[in-house]
Amino acid sequence: MEKPAKPGQQVLVALRRMIADGTIKPGDRIAEIPTAEALGVSRMPVRTALRALEHEGLVVKLGARGYTPRPVDADAITGAIEVRGALEGLAARRLAERRPTAQEEARLAAILADGDALFAKGYLENGDLDGFYRYNLAFHDLLIAASGNPSIELALTRNNHLPFASAAALALDWDDLEGEYRHLLAAHREHHAVFQAIRSGDADQAERLMRGHAGAAIANRKAFRMLTA
């Protein structure tokens with residue numbers, strides 16, 4: 001039986017996706033009531049999602065009239081993701097150089113186990129989106145926190161205000177669950193590889209893998225058809 005989907009992440013990802021593929025274009029008005037009706041949810045998750053997208057720099061507020069997508073292009077997205085990759089790669093290097101504490105290692109292993117459980121059944125259901133979002137963010141957040149360099153977190157916080165820059169800025173095609181399963185499973189396996197490099201103290205490998213992990217988001221061009229055309 002399919003898990004019930006929670007509206008919060010579903011609405012956020014749906015709106016982000018519609019902006020990425022050009023269904024909603026700069027100049028189009030995104031208002032709470034018609035958007036909620038179109039997505040079959042209440043106004044609250046739409047309101048929350050729009051505020052999150054404004055925080056990401058993906059939409060701008062039109063006063064009391066709602067929101068509209070901010071014009072962005074592929075070069076801006078690529079540059080922001082490259083910066084994230086450099087910063088997260090540095091975090092992985094620092095953690096590998098000093099070696100994680102037993103508590104940090106156990107926490108990272110537990111987070112990866114949550115990811116293993118998510119993919120164990122061999123397919124995704126609509127309700128798995130919230131689980132992946134929590135798992136993915138937990139891995140990235142702990143990696144940054146454990147790096148021991150607060151400047152990395154500060155720089156990432158600023159970079160995450162750029163469209164599609166954050167590790168949490170998922171723009172998934174939820175009409176292609178099979179394809180997204182493969183895409184997200186590859187990202188999960190990359191997390192495992194980064195963890196193994198950190199555990200072994202291979203700083204060069206940890207940094208290279210983490211940079212490549214961010215780069216995979218750039219390679220997934222189908223998520224940005226409108227922006228890369």
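Quick look at the numbers
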{"item": "Pairs, first within 22 Å of residue 87 (Cα to Cα) in the stretch 165-185, second aromatic (Phe, Trp, Tyr), C-beta under 7 Å, six or more apart", "result": "168/133; 170/133; 171/164; 184/132"}
{"item": "Test result for residue 114, free of Cβ contacts under 8 Å to residues at least 12 places away in the same chain and part of a helix (DSSP H, G or I)", "result": "no"}
{"item": "Unmet criterion (only one of (1) surrounded by fewer than 13 Cβ atoms within 10 Å (Cβ to Cβ); (2) under 30 Å from residue 144 (Cα atoms); (3) of a type outside the set (Phe, Trp, Tyr); (4) over 20 Å from the mean Cα position of the chain (by Cα)) for residue 65", "result": "(2)"}
{"item": "Hey, residue 88 among the acidic types (Asp, Glu), touching a residue at least 40 places away in the same chain (Cβ under 8 Å) and in the same structural domain as residue 202 (by TED's automatic domain parsing) or not", "result": "yes"}
{"item": "In the stretch 68-91, residue surrounded by the fewest Cβ atoms within 10 Å (Cβ to Cβ) [restricted to those that are of a type in the set (Asp, Glu) and part of a helix (DSSP H, G or I)]", "result": "75"}
{"item": "Some residue of the stretch 49-59 being surrounded by fewer than 13 Cβ atoms within 10 Å (Cβ to Cβ), assigned by TED's automatic domain parsing to the domain that holds residue 129 and not hydrophobic (A, V, I, L, M, F, W, C)", "result": "no"}
{"item": "Some residue of the stretch 91-108 being polar (S, T, N, Q) and within 22 Å of residue 168 (Cβ to Cβ)", "result": "no"}
{"item": "Residue match in the stretch 155-174 (condition: surrounded by fewer than 18 Cβ atoms within 10 Å (Cβ to Cβ) and farther than 26 Å from residue 73 by Cβ)", "result": "no"}
{"item": "Conditions (1) touching a strand residue (DSSP E or B) at 6+ places or on another chain (Cβ under 7 Å); (2) farther than 28 Å from residue 210 by Cβ; number of the one not met by residue 19", "result": "(2)"}
{"item": "So residue 77, is it modelled with pLDDT of 95 or more, of a type in the set (A, V, I, L, M, F, W, C) and in contact with a Phe, Trp or Tyr (Cβ under 7 Å, 6 or more places away or on another chain)", "result": "no"}
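The values are calculated or read from the model by the stated rules, or taken from the named source; none is laboratory data. Everything numeric in this text was worked out from a predicted model, so none of it was measured. Methodologically, a virtual Cβ is constructed for each residue, glycine included, from the backbone with ideal geometry; neighbour enumeration extends over all protein chains shown.
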